[in-house]
Amino acid sequence: MTSQTQPDTPDNIKDDIDVDGVSPQMGSVTFTDALELDNGRKLAPFTIAYNAYGELNAEKSNAILICHALTGDQHVANRHPITGKEGWWSLLVGPGKPIDTNRFYVICTNILGGCLGSTGPASIDPQTGAAYGLTFPVITIGDMVDAQARLMDHLGIDQLFAVVGGSMGGMQVLEWASRHKERVFAAVPIATAAWHSSQNIAFHEVGRQAVMADPQWMRGDYLKHGVTPRNGLSVARMAAHITYLSEDALHAKFGRNLQNRADRTFSFDADFQVESYLRHQGSTFVDRFDANSYLYITRAMDYFDLAAEHGDVLAEAFRGTQSRFCVVSFTSDWLYPTRESREIVQALNAVAANVSFVEIESNAGHDAFLLDEPEFFATITGFINSCAQKRGLPAA
Amino acid sequence: MLDRTKPSRSARQHHQHRVDHLLIAEMVAPGSRVLDVGCGDGALLQLLADTKAVDGRGVELSREKVNACVARGLSVIQGDADQDLDDYPDQAFDYAVLSLTIQATQRPRDVLVNLLRIGHRAIVSFPNFGHWMIRAELLFNGRMPQTANLPEPWYSSPDSHLCTIRDFVELCDVLDTVVEEAVAFNSAGRRLPIKKSLTLQNLLGEKAVFKLRRRKHV
């Protein structure tokens, strides 16, 4: 049982959605049948907001699901309605791009737990009439994927031609390929890992503590009090942002350059460009992101351990898979280093899965997967094209 | 180590296939599953896909070559014959191919054992260090030979484990392996089938291709 609503984008920015002729079909579906969560609880009703691009073919065999990362959203290839920036993956997704919206029906959902139309901690709990806040259940990557699967049921898509995602999006790809094997023809986990490392959990904990230490967090009830923990969330974003870059990238971009001043001010102003940059990253982030969503989603990533779900043997997560995999890592990514991608590849080899694995040379750090990396795009293009051929989809 | 060999420039320009690749393509059953260890630029995998509709996978050490292979639609991973074959389950492939690569591995014997474990058949090709020109170079000039198949000088060559056809046959015996088919190629690319006697092939063969299986396996 579902009810479909039209996008809730304000009218005054609809004209700006189109980037290079990319206009998404924006929708959201509310499911009244409960979602059974990994923590044993049930969530109902729940809404999944999504953007779609291109046309679904008659056989419904050309759908590609893009899974977004921690702070991403469904605006993968169109101008963002809040920030006005181009879609976060418009280099990869769009007409004539490696993931070609002229050929494929590309769907990107706002994840469960998110804050841009899908049900999350800022949504209204129908039981109380107020925002969930910390009464929202702790969700997992698997729950996010199961919610997406319900959307695919709703759209009548039995099998996705491909599921593609980087970072936390890559975790969703792996979970799709494990939980819904027969529904994934091709899987592209990028700059990701099959379990969240201790170091990554540690960084997330720093971020969460920054949010929680903000007096305006109000034990998670800030919405009821009409305030936002801006400072806490901003610091969380600043700390996290460092982990998305590399030392080389930071040095090349900022060095020790001063920000619009000839000398140090002997104060705690943002003297250095890198400080100014991080402060800007932090302050713009809070305009578009809910602090409790940040807590819940980072928790879901921390809990992610695909091997633990299968008796500590990662290969068991993929046993019986018929999907074609393309695993991608980047040399300077220290958040999800190549060895963690290699573990995925080893597990896939152990069940004789069809797997390609490339490591792309880049000094951009973890964020490389979002940037203009020609070798990466060539890899994705080649992989998608060969899979399309195997799937019997028309060539480019 | 695995990117040891590639078609010569002229061969690639003319879209010709390497003679050993053509023979391997003959040895492989249509529609079978093939793992090409040290697949280089993917020429053999492409040939097998085009002519035998195989379900092919590759392992290659060079990152650039892996990325090029994947960009052309081949299923290839970055990896090392010495390190990464342990991951594969027993008998996962119909054929495990090692094409002009075994001499560049650190532990050829272990690699061969792994190939015979992973594939129902192993197909191995290697440059023959018993070729008369190599013997002559050593005998008359007293120097390590450099040939088309072994182009690097000794100090920068990746080929740490060179062998002759007779040496390889001996290793097959040690590993209790059945040689189902073996062919040497002379320098003109003509086939010299290897039967009981090895003397002539070991002298005239520039490289050799062996199709093997474990004796236990029927």
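With helices as the sole contributors, chain B gives -8500 deg cm²/dmol at 222 nm; each DSSP H run of n ≥ 4 counts as -39500 (n - 2.57), and the sum is divided by every residue.
Counted by neighbouring Cβ atoms within 10 Å, the residues B:Ser62, A:Ser293 run from fewest to most as B:Ser62, A:Ser293. Sparse packing (at most 15 other Cβ atoms within 10 Å of the Cβ) combined with a DSSP loop state is found for the following trypsin sites (Lys or Arg not before Pro) in segment A:239-286: A:Arg256, A:Arg261, A:Arg264. Once you order the gyration tensor axes a ≥ b ≥ c over the Cα atoms, which shape class does chain A get: rounded for a/c under 1.5, otherwise prolate or oblate by comparing a/b with b/c? Because its axes are fairly even, with a/c under 1.5, chain A counts as rounded.
Antiparallel versus total DSSP beta bridges in segment B:9-214: what percent is that, nearest 5?
On the way: 17 of 36 bridges.
Of the beta bridges lying entirely in segment B:9-214, close to 45 percent run antiparallel.
The chymotrypsin sites (Phe, Trp or Tyr not before Pro) of segment A:230-289 that meet both conditions, a loop assignment by DSSP and at most 16 other Cβ atoms within 10 Å of the site Cβ, are A:Phe266, A:Phe268.
Listed by chain and number, the lysines whose alpha-carbon sits under 17 Å from that of B:Lys65, ignoring those within fewer than 8 places in the same chain, are B:Lys6.
With the Cα gyration tensor of segment A:261-316 giving a ≥ b ≥ c as the square roots of its eigenvalues, does the rule (a/c under 1.5 for rounded; else a/b larger than b/c for prolate; else oblate) give rounded, prolate or oblate? Mind dumping the intermediate values first?
Numbers: a/c = 5.11, a/b = 2.63, b/c = 1.94.
In terms of gyration-tensor shape, prolate.
Ignoring aspartates and glutamates fewer than eight residues from A:Lys97 along the same chain, the ones with Cα atoms less than 14 angstrom from its Cα are A:Asp20, A:Asp372, A:Glu373, A:Glu375.
Centroid-to-centroid, using Cα positions, segment B:136-160 and segment B:180-213 are 21 Å apart.
Could you list B:Asp55, A:Asp214 in order of exposure, starting from the residue whose Cβ has the fewest other Cβ atoms within 10 Å? Intermediate values should be presented prior to the final figure.
Numbers: B:Asp55 15, A:Asp214 21.
Listed from fewest to most nearby Cβ atoms, that is B:Asp55, A:Asp214.
For chain B, what is the relative contact order in percent, using Cα pairs closer than 8 Å and at least 6 residues apart in sequence? The normalised contact order for chain B reaches 19 percent.
Quote the FRET efficiency, to the nearest 0.05, computed for B:Ser157 versus A:Arg391 with a Förster distance R0 of 41 Å and r equal to the Cβ-Cβ distance. Efficiency, from the Cβ-Cβ distance: 0.40.
Springs between alpha-carbon pairs under 10 angstrom, Gaussian network model over chain B: which of B:Leu162, B:Leu200, B:Leu35 fluctuates most? Among B:Leu162, B:Leu200, B:Leu35, the largest mean-square fluctuation in the Gaussian network model of chain B belongs to B:Leu200.
Inter-chain neighbour count for B:81-91: the average number of beta-carbon atoms from partner chains within 10 Å of each residue's beta-carbon is 3.
Quick one: compute the contact order of chain A, relative version, from alpha carbon pairs under 8 angstrom and 6+ residues apart, as a percent. Can you show the working numbers first?
Working: 801 pairs, mean separation 62.3, N = 396.
Normalised by residue count, the contact order of chain A is 16 percent.
Cα centroid separation, segment B:33-94 to segment A:226-275: 45 Å.
Can you order the peptides B:25-32, B:112-119 by their average number of other Cβ atoms within 10 Å per residue, highest first? Spell out each step's value before the answer.
Working: B:25-32: 14.8, B:112-119: 22.6.
In descending order of packing, they fall as B:112-119, B:25-32.
Each part gets one Cα centre, and for segment A:337-396 versus segment A:139-197 those centres are 15 Å apart.
Across peptide B:54-63, what mean number of C-beta atoms from other chains lies inside 10 Å of a residue's C-beta?
Working: counts 0, 1, 1, 6, 1, 2, 0, 0, 0, 6.
Averaged over the peptide's residues, the number is 2.
Take each residue of peptide A:341-350, count the partner chain Cβ atoms within 10 Å of its Cβ, and average: the result is 4. Listed by chain and number, the lysines placed with their C-alpha closer than 28 angstrom to that of A:Lys224 are A:Lys42; residues fewer than eight positions away on the same chain are left out. Each peptide in A:94-105, B:201-212, A:111-122, A:164-175 gets a packing score, the mean of other Cβ atoms within 10 Å over its residues, and the list from highest to lowest is A:164-175, A:111-122, B:201-212, A:94-105. Counting only DSSP beta bridges whose two residues both lie in the protein assembly as shown, roughly 45 percent are antiparallel.
Relative contact order, whole percent, for segment B:149-218 stands at 33, derived from Cα pairs under 8 Å and 6 or more residues apart.
A short reminder: the numbers here are calculations on the coordinates, not readings from a lab. Predicted model, so just to flag it, every value in this text is computed and none were measured. For neighbour counting, all protein chains shown are included, and Cβ atoms are generated from backbone atoms with ideal geometry for every residue, glycine included.
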